[in-house]
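The values are calculated or read from the model by the stated rules, or taken from the named source; none is laboratory data. What you see is a predicted model; the values in this text were computed from it and never measured. Cβ placement follows ideal geometry from the backbone for every residue including glycine, while neighbour counts extend to all protein chains displayed. What goes into the accessible areas is simple: the full protein's heavy atoms, side chains included, and nothing from ligands, DNA or RNA. Shrake-Rupley method; radii C 1.70, N 1.55, O 1.52, S 1.80 Å.
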Amino acid sequence: MTSSPKIYHADYVVVGSGVAGLRAAIELSASGTVLVLAKSTLSNSATAWAQGGIAVALSDEDEIGLHELDTLAAGDGLCNPESVALLVEEGPKYITQLIEWGTEFDRAGTKLAFTREAAHSRSRILHSHGDSTGREISRALLARAHSLPHLHLRAHSFTTGVIVEDNPTGALRKVVGVRFIDETDGSLHEVRAGAVLLATGGLGQIYRETTNPEVATGDGLAIAYESGAVLSDMEFVQFHPTALAILGAPRFLLSEALRGEGGILRNINLERFMKRYAEAQELAPRDIVARAIVSEMHRTSTST
């Protein structure tokens with residue numbers, strides 16, 4: 001016999017404790033109670049795995065307009081221009097806020113240290129502890145979240161679905177909460193909430209090869225689809241170009257900062273090959289570099 005679920009109430013429930021979920025939860029806590037659910041530990045997210053850095057037009061040699069042009073070019077005509085403009089224009093404000101909240105980006109003396117990454121025409125990449133940028137941003141956001149009295153975080157809580165009810169007015173059905181399993185004891189729980197945000201990250205683990213963390217299994221997308229949400233742009237899955245490729249070893253990411261600082265890609269014959277695929281060579285956008293690497297592995301009969 002299955003026991004009845006324990007029921008909780010919150011103004012907002014956020015599923016996911018990466019940068020998107022935490023930043024949203026922090027903002028929402030000014031308007032009511034917030035519960036953040038994480039299926040693993042609070043710090044285990046794609047955010048914490050991000051290495052190289054975060055792009056923002058804050059250096060003396062940079063301009064927001066240049067950042068916008070670089071982003072549109074890297075998007076190969078597929079970007080939403082309004083979204084890109086918003087991203088680059090608001091970036092400096094929110095990076096400054098992260099610093100005010102205790103994020104420790106690397107510095108050269110008293111000034112922020114910027115480096116170059118692929119597809120950027122300026123050195124505009126902020127990094128932390130070398131290649132631990134995502135982990136540092138996650139740490140700072142978690143510290144901020146823990147300091148807020150109306151924001152509650154719950155780890156090892158696997159969300160299994162959203163609760164949808166018919167709207168008595170005959171309009172669209174309404175999401176009123178989520179169901180989750182406490183993975184420490186297997187108990188069932190429900191959270192009733194005025195609004196639900198799914199910030200559950202990606203689905204890299206459905207592929208044979210990925211540098212995504214083990215938690216990136218697409219749960220949020222499946223939950224949203226099953227509840228009637230419309231999914232879009234599902235073909236846009238990013239594969240990081242460079243990863244460790246040793247038999248028996250995990251495919252962990254090799255930071256893009258390596259190429260940004262002058263790293264060269266060579267094939268199994270030790271030939272530099274990117275000039276065959278892009279004028280920018282190693283500093284071409286990620287999708288171009290990733291396709292070039294796969295093409296070169298096939299051309300040289302390297303096992304993939």
Per-residue ellipticity at 222 nm for the chain, helices alone: DSSP H runs ≥ 4 residues times -39500 (n - 2.57), over residue total, nearest 500 deg cm²/dmol?
-8500 deg cm²/dmol
With each pseudo-label sitting 7 Å past Cα toward Cβ, what's the Ile163-Ala73 distance in nm, one decimal?
5.2 nm
Using every pair of alpha-carbon atoms in segment 237-304, split the distances into 5 Å bins beginning at 0 and state the percent of pairs per bin, rounded to integers.
4, 16, 28, 29, 18, 5, 0
Residues whose modelled amide H sits under 5 Å from the amide H of Gln238, counting only those 5 or more places away in sequence or on another chain, are none
Rounded to the nearest 0.05, FRET efficiency between Asp182 and Glu63 (Cβ-Cβ, R0 51 Å) equals 0.55
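Go through 181-189, 52-60 and give me the packing order, highest mean Cβ count within 10 Å leading.
Values: 181-189: 12.7, 52-60: 20.1.
Highest to lowest by the protection proxy: 52-60, 181-189.
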How far, in degrees from 0 to 90, does helix 64-74 lean away from the longest principal axis of the Cα atoms of the chain, to the nearest 10?
80 degrees
Mind listing the phi-derived Karplus ³J(HN,Hα) values for segment 291-298, rounded to whole Hz, using 6.51, -1.76 and 1.60 with θ = phi - 60°, and x for any glycine or proline?
5, 5, 4, 5, 4, 5, 5, 5
C-alpha long axis of helix 19-28 to longest principal axis of the chain, angle in °
40 degrees
Using a 1.4 Å probe on the protein heavy atoms only, what accessible surface does Ile7 show? Give it in Å² to the nearest 10.
100 Å²
Quick one: if you take sqrt(5λ) for each eigenvalue of the C-alpha gyration tensor of the chain, what semi-axes come out, biggest first, whole angstrom?
37, 24, 19
In sequence order, what are the phi-derived ³J(HN,Hα) couplings for segment 180-192 according to the Karplus relation 6.51 cos²θ - 1.76 cosθ + 1.60 with θ = phi - 60°, rounded to whole Hz, with x for glycine and proline?
8, 10, 7, 6, 7, 9, x, 6, 9, 9, 10, 10, 8
Taking Cα pairs under 8 Å and at least six residues apart, what relative contact order does the chain come out at, in percent?
22 percent
Please give the charge dipole size of the chain, origin at the Cα centre, charges +1 on K and R Cβ atoms and -1 on D and E Cβ atoms. Round to the nearest 20 debye.
580 debye
Report the local net charge at Leu69: Lys and Arg +1, Asp and Glu -1, summed over other residues whose C-beta lies under 12 Å from its C-beta.
-3
Taking the alpha-carbon centroid of each part, what is the distance from segment 17-93 to segment 101-150 in angstrom?
12 Å
At q = 0.15, 0.20, 0.30 Å⁻¹, what log₁₀ I(q)/I(0) does segment 146-185 have when each alpha carbon counts as one equal point scatterer in the Debye sum?
-0.57, -0.75, -0.96
Student exercise: in the chain, how many lysine pairs 8 or more apart or on different chains have Cα atoms under 30 Å apart?
4
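Compute the relative contact order of segment 1-159 as a whole-number percentage, counting only Cα pairs closer than 8 Å that sit 6 or more residues apart in sequence.
On the way: 260 pairs, mean separation 57.8, N = 159.
Relative contact order here is 36 percent.
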